[in-house]
Amino acid sequence: MDFLQYINPGIDSIKPYEPGKSTDDVMEKYNLNKIVKLASNENSLGPSSKVKSAINEFEDFHLYPDGDGKQLKSKISEVELLSDKNIILGNGSNEILEIVSQTFLSERSECIFSKHAFVVYKLVAKVRGCNFHEVEAKSWGHDLDKFIEHINENTRIIFIANPNNPTGTYLTHYEIDKFLQKVSSDIIVVIDLAYYEYVTADDYINTLEILNNYKNVLITKSFSKIHGLSALRVGYGMGNKKLIEIMNRVRQPFNVNSIAQKAAIASLDDTNYLQKSIKHNTNEREFLYKCLKEMSIKFIPSQGNFICIDVNQSGRKIFELLLKKGVIVRPIELYEMPNFIRVTIGQRSENEFFIQKLKECL
């Protein structure tokens, strides 16, 4: 296969993204009648009832989606207090990360991200043949002072996850603002806020203030997490009008399907449901903290809907043992955290089942 010698630089070293195990596969493999899936940071409550109604009422399957997503962008504009010219829609926020990398990264450029951060940052850099700096973490979070040390004339994008996945650590508004003051305006700073709504910290980022003060910032958000729309793949980015206009040149036409657009609008309309999801996550996160402390198990305090747990042995081993007992979590040796597992915060019955099976495995 001589064509393999012409693979774009970087792609030959990529390991495919490892999604969470499916319940059907685990059930069949281990002959189980009960499965609890706590691997992919999904909202265990599912989507809003308004979303289900919107989907049930949809009839225009024969028509292409609105390629500009006008209605959804209008709704996002209301929520974010921005013009729709500041918004780009994506097939999940992952696509926004891909679009910005496609727009600004190449073999001649560099990007920066943290160790133990979302693996897609490294993936998009490798696909573009881009040199990258994976900065050592500080207390499992981003060390922005060290980010500054790696900036040079070839730096084009800096990726920041806030809260960070998989560790759940977060940066304050002050820390981000102080960092942005030191970054040249010709460098795009991508702030990935996939778990934005779950954060309860009082000193968390003020997105509107950041966007108003820094024209080189792109903020991404997702409907896959708290909105419970993972299966529909829809997210968005917010930034300077010129930045968004340039990225829209790269964006594929009809990248967000009609059902996803309708569902996202319905979810944004149901603020009561979002508040319910936040309260549920906060309460169940505290429940898991209590259980883990009683078991003398170390964990990283999280601002997301997941917890990174130090099992003090091979995380892959504990992951495999839990699979056999009907619990799907995420091993994270890919993030250079071989003794950790990441568990999504589920419903009380799911969390209790997980704790019971974890005790049996340790």
Mind listing whichever residues of segment 279-303 are buried (at least 16 other Cβ atoms within 10 Å of the Cβ) and either in contact with a Pro (Cβ under 6 Å, 6 or more places away or on another chain) or among the hydrophobic types (A, V, I, L, M, F, W, C) (or both)? 288, 291, 292, 297, 299, 300, 303
Do we find that residue 88 is outside any helix (DSSP H, G or I) and in contact with a His (Cβ under 7 Å, 6 or more places away or on another chain) in this structure? no
Is there a residue in segment 13-33 that is on the phi > 0 side of the Ramachandran plot, outside the structural domain of residue 254 (by TED's automatic domain parsing) and not β-branched (Val, Ile, Thr)? yes
Scan segment 260-278 for residues that are surrounded by 15 or more Cβ atoms within 10 Å (Cβ to Cβ) and out of contact with any Ser or Thr (no Cβ under 6 Å at 6 or more places or on another chain) and jot them down. 260, 261, 262, 263, 264, 265, 266, 268, 269, 274, 277, 278
Is it true that some residue in segment 2-13 is hydroxyl-bearing (Ser, Thr, Tyr), surrounded by 11 or more Cβ atoms within 10 Å (Cβ to Cβ) and without any contact (Cβ under 8 Å) to a residue 40 or more places away in the chain? no
For a quick check of your reading of the model, give me the residue pairs whose first member lies in segment 171-192 and is at pLDDT 95 or above, whose second is of a type in the set (Ser, Thr, Tyr) and not in a helix (DSSP H, G or I), with beta-carbon atoms closer than 6 Å and at least 6 apart or on different chains. 180/214; 187/155; 192/220
Going through segment 230-242 one residue at a time, which ones are outside any helix (DSSP H, G or I) and of a type in the set (Gly, Ala, Ser)? 235, 237, 239
Between residues in segment 131-151 that are at positive phi and residues that are modelled with pLDDT of 95 or more and hydrophobic (A, V, I, L, M, F, W, C), which pairs lie under 8 Å by C-beta distance while being six or more apart or on different chains? 140/300; 140/308
Hey, any hits in segment 104-114 for a residue that's touching a residue at least 60 places away in the same chain (Cβ under 8 Å) and within 18 Å of residue 239 (Cβ to Cβ)? yes
What number of residues within segment 319-362 are closer than 22 Å to residue 137 by Cβ and β-branched (Val, Ile, Thr)? 5
Just the residues that are among the acidic types (Asp, Glu) and either at pLDDT 95 or above or under 25 Å from residue 139 (Cα atoms) (or both), please, taken from segment 81-129. 84, 95, 98, 110
What number goes with the only condition from (1) of a type in the set (S, T, N, Q); (2) in contact with a helix residue (DSSP H, G or I) (Cβ under 7 Å, 6 or more places away or on another chain); (3) part of a loop (DSSP other than H, G, I, E, B) that residue 94 does not pass? (3)
Odd one out for residue 86, checked against (1) more than 30 Å from residue 153 (Cα to Cα); (2) touching a residue at least 12 places away in the same chain (Cβ under 8 Å): (1)
Quick one: count up the residues across segment 151-188 that are surrounded by fewer than 23 Cβ atoms within 10 Å (Cβ to Cβ) and more than 19 Å from residue 140 (Cβ to Cβ). 18
Evaluate segment 127-148: report whether one residue or more is β-branched (Val, Ile, Thr), crowded, with 22+ Cβ neighbours inside 10 Å and under 21 Å from residue 96 (Cα atoms). no
Determine which member of the set 93, 77, 48 is free of Cβ contacts under 8 Å to residues at least 60 places away in the same chain and either farther than 18 Å from residue 329 by Cα or among the basic types (Lys, Arg) (or both). 77
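The values are calculated or read from the model by the stated rules, or taken from the named source; none is laboratory data. Since the structure is predicted, the reported quantities are computational estimates derived from the model, not experimental observations. Quick reminder, even Gly has a Cβ in these numbers, built from the backbone with ideal geometry, and neighbours come from all protein chains shown.
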